[in-house]
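Q: Structure below; questions to follow.
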Amino acid sequence: MAEATVKKEGIVAQVKEFITTIPVNKIGIKDIFNYPKTPVNNLIALLIVLFLAMFAIGVGNYLIHGHHAYGVTRQHPWGLLIAVYIFFVVSSTGLCIVGSLGDVFGFKDYEMISKRAIFGSIVTIMAGFAVIAFEIGHPITMLIYNVLTPGLRSAIWWMGTLYGLYLTFMIIEFVFLLKHDMKSAKIFGLAGLLIGLAAHSNLGGVFGFLNTRLISNGVFYPTYFILTAFITGIYLAFIMMGFRYKLNFPENAKKMLVNLAKIQGLLLAILMFFETWKMLTGVYGGMPGRADVVEHILTTPPFWVEVIAGMLIPFIIIISSKGNNIKGLFWGSFIGMVGIFFMRYDLVHDTQLKPLQMMKITEYQLPPKWVEYFPSASEIMISLGGLGLCLLLYYVGTKLFNLDADEAH
């Protein structure tokens, strides 16, 4: 009994020592407000405060009125919060892939962004969890019964479980990166990457398993999600590095970003190829529930924002400069992220366009039409609040941790 007690105390002491030796900068409230008071920085700070206030208002309205505060219906049960959740977790997986290039796969040129990208992956998935918590309905109950009664045949159960494991491994990897323990960081980073890819392809499977929604059903989305995650991660890498160096990049950063731009060009070409054939095979044969939905999608402005902003403009910048226009790609990445958001919104909304009840069941019933949906004010405020939370956590992280590569290591 005494030996067990001593052993337990020894383990507790080791854990405590491990935590207390994590390199952290000592900061206070004054340090948080101590930033260069440029117009851009002041605007970002104002937006963060505004978005967080909107988050509080949106959550308060949801807690009072429940799902009646949202614009979702029985015919359109998935709304903006689902799309924003997907947007954040796709961003997280993409940053995980980018961060893994250096510390997991050993490409030296990418080691300078490893810590920043991995921390970004943690921040973005936490923002995604914050948003989806107010869509689930009973998040605490979900956590309890996720363990007590696992639904092994449910893709959504696997999604929650795998993303929880993924976040855990990302945090551990980040701690080892801070401690410069690259061997342990590689082990946990590889585990986190594999679990993250499994979780993300499984998220695509949530849509692929929708047998009654022919526009989504099939094998397309599990692979599409991984591809677009990598693309999103590279967009965010350009944005993060652009802010870090204020567009005055050192030579090693230029080399890394040029290489990333070339990879991005290839990925965008593959994505456009995928999208083209998805639409062609969707229209071909005139199958009801698929062909008519594709034809409707092709006439909607959000789809063309997705194509032009998310794919074409960044691709043209890369091709025209052979990947060397880094400043152009910094701005192109902002445009690309707008397209990525609409890509996620279209994914959710377009899946539910077609009403499942297509036949008139009473004499004077109007023929079924396309399912209409527009996010409510509460949905918009919670979504923007998620963005504000993401920006705040990342900013605090830049103060709290050294996210730059340590040349000595």
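Q: Checking the condition outside any helix (DSSP H, G or I) and under 19 Å from residue 343 (Cβ atoms), which residue from 216, 201 passes?
A: After ruling out the rest, the residue left standing is 216.
Q: With the requirement that a residue be assigned to a helix (DSSP H, G or I) and buried (at least 22 other Cβ atoms within 10 Å of the Cβ), what does the range 63-81 give you?
A: Passing the criteria: 80, 81.
Q: Another question about this same structure. Which of (1) out of contact with any Gly (no Cβ under 8 Å at 6 or more places or on another chain); (2) under 25 Å from residue 342 (Cβ atoms); (3) without any contact (Cβ under 8 Å) to a residue 12 or more places away in the chain does residue 242 not meet, given it meets every other one?
A: Of (1) out of contact with any Gly (no Cβ under 8 Å at 6 or more places or on another chain); (2) under 25 Å from residue 342 (Cβ atoms); (3) without any contact (Cβ under 8 Å) to a residue 12 or more places away in the chain, only one is false for residue 242: (3).
Q: Is there any pair with a first residue in the range 20-47 that is farther than 29 Å from residue 381 by Cβ and a second that is β-branched (Val, Ile, Thr) and surrounded by 10 or more Cβ atoms within 10 Å (Cβ to Cβ) whose Cβ atoms are under 6 Å apart and which are 6 or more apart or on different chains, and what are they?
A: 22/175
Q: At least 1 residues that are under 23 Å from residue 92 (Cα atoms) in each: list the helices (runs of 4 or more DSSP H) lying fully within the range 257-353 that qualify.
A: Qualifying helices (runs of 4 or more DSSP H): 301-307, 313-321, 326-351.
Q: Next question, about the same structure. Can you name the residue in the range 219-233 that is in a helix (DSSP H, G or I) and of a type in the set (A, V, I, L, M, F, W, C) and is also nearest to residue 310 (Cα to Cα) among such residues?
A: For the range 219-233, the residue satisfying everything is 231.
Q: I need the full set of residues from the range 25-34 which are surrounded by 11 or more Cβ atoms within 10 Å (Cβ to Cβ), assigned to a helix (DSSP H, G or I) and among the hydrophobic types (A, V, I, L, M, F, W, C), in order please.
A: 32 - this is the single residue of the range 25-34 that is surrounded by 11 or more Cβ atoms within 10 Å (Cβ to Cβ), assigned to a helix (DSSP H, G or I) and among the hydrophobic types (A, V, I, L, M, F, W, C).
Q: Residue check: is residue 22 β-branched (Val, Ile, Thr), over 25 Å from residue 246 (Cβ atoms) and in a loop (DSSP other than H, G, I, E, B)?
A: yes
Q: Another question about this same structure. Out of 73, 124, report the one residue that is under 25 Å from residue 346 (Cβ atoms) and at pLDDT below 95.
A: After ruling out the rest, the residue left standing is 73.
Q: Now a separate question. Within the bounds of the range 13-22, is there any residue that is at pLDDT below 85, surrounded by 11 or more Cβ atoms within 10 Å (Cβ to Cβ) and aliphatic (A, V, I, L, M)?
A: yes
Q: Right, here's the next one. Answer yes if at least one residue in the range 313-327 is over 28 Å from residue 395 (Cβ atoms), buried (at least 19 other Cβ atoms within 10 Å of the Cβ), modelled with pLDDT of 95 or more and not aromatic (Phe, Trp, Tyr), and no otherwise.
A: Scanning the range 313-327, I find at least one residue that is over 28 Å from residue 395 (Cβ atoms), buried (at least 19 other Cβ atoms within 10 Å of the Cβ), modelled with pLDDT of 95 or more and not aromatic (Phe, Trp, Tyr), so the answer is yes.
The values are calculated or read from the model by the stated rules, or taken from the named source; none is laboratory data. Computed from a predicted structure; not experimentally measured. Note: ideal-geometry Cβ built from the backbone for every residue, glycine included; neighbour counts use all protein chains shown.
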